[in-house]
Amino acid sequence: MHAASRQRSYAGTFVVSAEAGDLSSARIWHVCEGDLQMERIEALSGPPRSTFRRNDRVVTFLPESKVVKSEKRENLELFPNLIGAPDSSIADFYVARVVGKGRVAGFDADVVLLEPRDEFRFGYRVWSERRSGLVVKLQTLDRDNKVIEQSAFSELQLDVPIKVHALNQMMTSTSGYRVEKSELERTSPQREGWTLKKPVAGFKPVNCYRRPAGGESQGHTMQWTFSDGLASVSLFLEPYDAQRQAKEVLLALGATYTLTRRLTDKDGGWWLTAVGEVPPQTLDAFAQSLARAR
């Protein structure tokens with residue numbers, strides 16, 4: 001499945017639906033040439049938006065505001081919802097079973113159920129195209145195997161002749177747009193003064209960055225990302241500002257939960273925003289374990 005998402009060229013319409021009825025769709029063009037991967041994602045719902053990716057460089061066009069956002073991202077999640085590299089420890093936290101066969105967007109697919117071994121992660125039902133292994137449909141399941149989010153191709157063409165230079169030309173055509181570049185600075189939790197008193201089972205640190213928080217006068221935000229090989233969690237930490245961060249909340253959108261919480265220590269207050277496609281108790285476990293290291 002991981003190899004197919006990186007080695008096959010394809011074009012298709014991808015639809016994401018959540019239990020509450022939220023629906024979004026996008027048109028995707030994905031091409032591979034050796035080590036080069038390029039992708040174009042055109043939003044078909046919500047505000048107009050075009051996103052281009054050339055390896056780890058991501059450029060998003062927002063035509064309504066005439067703004068282009070350019071940033072470099074490592075450990076990208078590729079469509080649909082697979083992280084940068086398969087993790088050998090996945091089997092420690094999920095049980096995989098072949099549960100049947102099906103057809104998605106006209107392609108024969110094998111269906112695999114990934115059941116979590118604990119309460120810190122969701123389960124998944126995955127349809128992979130029989131010949132290539134490409135994931136063509138993915139359901140995120142709660143503890144009762146109830147579908148809370150579904151992603152699937154409604155239409156798909158494999159091995160389409162997409163031209164890299166054509167996508168590259170579109171990606172660099174920024175005339176008439178204001179370009180906003182966001183360069184993340186690599187750092188470490190230790191350097192930023194944070195640690196986890198107790199790791200959350202299965203979730204390993206993937207990367208850590210810092211970025212300006214609003215203006216320079218507001219300091220920096222640290223982003224610390226974890227993954228168990230399938231699910232990921234990002235922790236955003238910044239100085240507490242009572243005017244901007246008044247209320248602690250827990251929000252859900254499909255399978256994605258967001259938790260905000262104020263943390264205090266002898267140096268003052270901090271504001272945590274934890275985001276991940278995980279059950280809320282997983283985000284709470286991270287919040288409870290976070291501590292200042294200095």
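The values are calculated or read from the model by the stated rules, or taken from the named source; none is laboratory data. As the structure is a prediction and not an experimental result, all values here were calculated from the model. Cβ sites come from the backbone with ideal geometry, for glycine too, and all protein chains shown count toward neighbours. Areas reflect the complete protein model, heavy atoms only, side chains present, ligands, DNA and RNA absent. Shrake-Rupley method; radii C 1.70, N 1.55, O 1.52, S 1.80 Å.
With in a strand (DSSP E or B), among the hydroxyl-bearing types (Ser, Thr, Tyr) and modelled with pLDDT of 95 or more as the only criterion, which of Thr258, Thr282, Thr264 stands out?
Thr258
If you take the residues in the range 238-252 that are under 28 Å from Ala18 (Cα atoms) and out of contact with any Pro (no Cβ under 9 Å at 6 or more places or on another chain), which one is most open to solvent (accessible area, probe 1.4 Å)?
Once the filter is applied, the top-ranked residue is Lys247.
Is there any pair linking a residue in the range 175-188 that is in contact (Cβ under 8 Å) with a residue 60 or more places away in the chain to one that is surrounded by 10 or more Cβ atoms within 10 Å (Cβ to Cβ) and aromatic (Phe, Trp, Tyr), with Cβ under 8 Å and at least six apart or on different chains, and which?
These pairs meet every condition: Tyr177/Phe61; Leu184/Tyr209.
Could you please find all residues in the range 253-264 being closer than 27 Å to Tyr124 by Cβ and surrounded by 15 or more Cβ atoms within 10 Å (Cβ to Cβ)?
Answer for the range 253-264, where residues must be closer than 27 Å to Tyr124 by Cβ and surrounded by 15 or more Cβ atoms within 10 Å (Cβ to Cβ): Gly254, Ala255, Thr256, Tyr257, Thr258, Leu259, Thr260.
In this structure, does Phe226 turn out to be under 18 Å from the mean Cα position of the chain (by Cα) and within 29 Å of Val112 (Cα to Cα)?
yes
Considering the range 277-294 alone, what residues qualify as being out of contact with any Ser or Thr (no Cβ under 6 Å at 6 or more places or on another chain), closer than 14 Å to Asp228 by Cβ and not hydrophobic (A, V, I, L, M, F, W, C)?
Residues satisfying the conditions are Pro279, Thr282.
Considering only residues of the range 41-59 that are open to solvent by 50 Å² or more (accessible area, probe 1.4 Å) and assigned to a strand (DSSP E or B), which is nearest to Gln169 (Cα to Cα)?
Arg54
Could you list, in sequence order, the residues of the range 17-40 that are within 19 Å of Val160 (Cβ to Cβ), in contact with a strand residue (DSSP E or B) (Cβ under 8 Å, 6 or more places away or on another chain) and either modelled with pLDDT of 90 or more or open to solvent by 50 Å² or more (accessible area, probe 1.4 Å) (or both)?
Ser25, Ala26, Arg27, Ile28, Trp29, His30, Val31, Met38, Glu39, Arg40
State the number of residues belonging to the range 1-25 that are under 26 Å from Leu253 (Cα atoms) and in contact with a Lys or Arg (Cβ under 9 Å, 6 or more places away or on another chain).
Residues flagged as under 26 Å from Leu253 (Cα atoms) and in contact with a Lys or Arg (Cβ under 9 Å, 6 or more places away or on another chain) within the range 1-25 amount to 4.
Modelled with pLDDT under 90 and closer than 16 Å to Thr172 by Cα, is that true of Lys72?
yes
Anything in the range 90-125 that is assigned to a strand (DSSP E or B) and among the basic types (Lys, Arg)? List them, or say none.
Scanning the range 90-125 gives Arg97, Lys101, Arg103, Arg125.
Inside the range 141-196, counting only strands (runs of 3 or more DSSP E) that do not spill past its ends, which hold 1 or more residues that are open to solvent by 90 Å² or more (accessible area, probe 1.4 Å) and modelled with pLDDT of 90 or more?
Where strands (runs of 3 or more DSSP E) fall fully within the range 141-196 and carry at least 1 residues being open to solvent by 90 Å² or more (accessible area, probe 1.4 Å) and modelled with pLDDT of 90 or more, they are 178-182.
In the set Gln243, Gln288, Gln223, which member is modelled with pLDDT of 90 or more and out of contact with any strand residue (DSSP E or B) (no Cβ under 8 Å at 6 or more places or on another chain)?
Gln288
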